[in-house]
Amino acid sequence: MSIDPSCCPLCGQPNECQLCTVSIYKGPCWCAHEEMPAALLARVPETLRNRACICRACVEQYRRDNNVARPFNLRPVHRHQAP
């Protein structure tokens, strides 16, 4: 079976993950600030786990279907160190 890391392992649509793209730029991605529900990750077939990201649409659909609120703290915390 061929695995396409740019496609969602649940729905097969593009996952829009910056880290899975073939482009040279590998900057921040929407999924880096997203908390993936464990129950949703468990739906990924074992052969596809850790090989492709779940798309935003599947994450949002899961939250709607299961009445799960989106976490508030989605930005990285920057702590300043004393000089």
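For the pair V68/R56, report the inter-label distance in nm, with labels modelled 7 Å from Cα in the Cβ direction.
In this crude label model, V68 to R56 measures out at 1.8 nm.
Rank by packing, highest mean first: peptides 49-57, 35-43, with packing defined as the count of other Cβ atoms within 10 Å averaged across residues.
Values: 49-57: 17.1, 35-43: 12.3.
Highest mean packing first, the order is 49-57, 35-43.
Can you list residues whose amide H is under 5 Å from C7's amide H, if they're 5+ apart or on another chain and H is modeled 1.01 Å from N?
N15
Between I24 and I3, what's the calculated FRET efficiency when r is the beta-carbon distance and R0 is 25 Å? Round to 0.05. Write down the numbers at each step before the final one.
On the way: r = 21 Å, r/R0 = 0.85.
Efficiency, from the Cβ-Cβ distance: 0.70.
Any read-out appearing in this document is the output of simple, stated calculations on the displayed coordinates, not a laboratory observation. Treat the numbers as computed from the prediction; the structure is a model and nothing was measured. Heads up, the Cβs are rebuilt from the backbone with ideal geometry, glycines too, and the neighbour counts pull from every protein chain shown.
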